[in-house]
Amino acid sequence: MRTGRFRAAVVAAATALLAITGATAASAAPAEVVQDTVFQPAADTPVTALVTKLTHAQATARFSAAGISWTSSGGCSDRNNPTCTSFTQINLTTVQGAETLKRATGCALTITGGTETGHASGTYSHWNGYKLDFRLTTCLTNYVKGTFTSIGGNKWQSGSGNVYYLESNHWDVTYYNCGGC
């Protein structure tokens with residue numbers, strides 16, 4: 001009996017609310033739209049993932065903790081100077097990808113290029129935080145060529161989809177994700 005009265009009271013309250021707002025049961029909608037903090041719709045695509053960006057200091061702290069070193073031909077970290085090595089506005093997943101690479105290879109890793117100007121442009125570019133350049137070492141080269149799939153043109157692809165491109169004097173790595181972090 002109580003359940004029946006409770007149910008009737010809920011239905012009556014809902015009906016009264018719909019009458020006050022002028023809505024019908026078919027047109028009732030939530031009062032507040034909640035934005036998704038992970039995905040944000042873009043004008044030209046249905047959904048795009050938001051990317052977590054790090055400061056230079058945040059990235060270098062993580063690289064140091066992982067045992068990854070970096071060098072700069074200009075001895076600086078100014079993002080707007082092409083002789084510097086900067087990590088300003090680097091993607092968190094790019095840093096995590098380098099950490100994953102370090103753990104997987106056990107190799108000494110030295111970053112020679114980050115988010116500074118002077119690299120090729122594009123969506124998945126250094127400037128946009130998706131790429132790192134690594135110093136050539138026998139250890140790293142043997143790992144990439146022996147572990148990943150050759151996709152032609154001096155490029156190898158990891159199982160997670162990241163692309164390792166052997167340029168003349170360094171590895172140019174595009175991190176689409178953290179590589180299994």
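The values are calculated or read from the model by the stated rules, or taken from the named source; none is laboratory data. All values reported here derive from a predicted model rather than from experimental measurement. Here the Cβ positions follow ideal geometry from the backbone for every residue, glycine too, while neighbour counts run over all protein chains shown. Each accessible area value is taken on the protein alone, full model and side chains, heavy atoms only, with ligands, DNA and RNA left out. Shrake-Rupley method; radii C 1.70, N 1.55, O 1.52, S 1.80 Å.
Screening I111 on (1) open to solvent by less than 10 Å² (accessible area, probe 1.4 Å); (2) more than 15 Å from W171 (Cβ to Cβ) shows it passes everything except condition (2). Annotation for segment 86-102: at least one member residue is crowded, with 17+ Cβ neighbours inside 10 Å and either aromatic (F, W, Y) or at pLDDT below 95 (or both). Would you call D78 acidic (D, E), over 14 Å from the mean Cα position of the chain (by Cα) and open to solvent by 20 Å² or more (accessible area, probe 1.4 Å)? Taking the combined requirement at face value, the residue satisfies it.
Counting only residues that are surrounded by fewer than 24 Cβ atoms within 10 Å (Cβ to Cβ) and either in contact with a Leu (Cβ under 7 Å, 6 or more places away or on another chain) or of a type in the set (D, E, K, R) (or both), segment 117-133 holds 1 of them.
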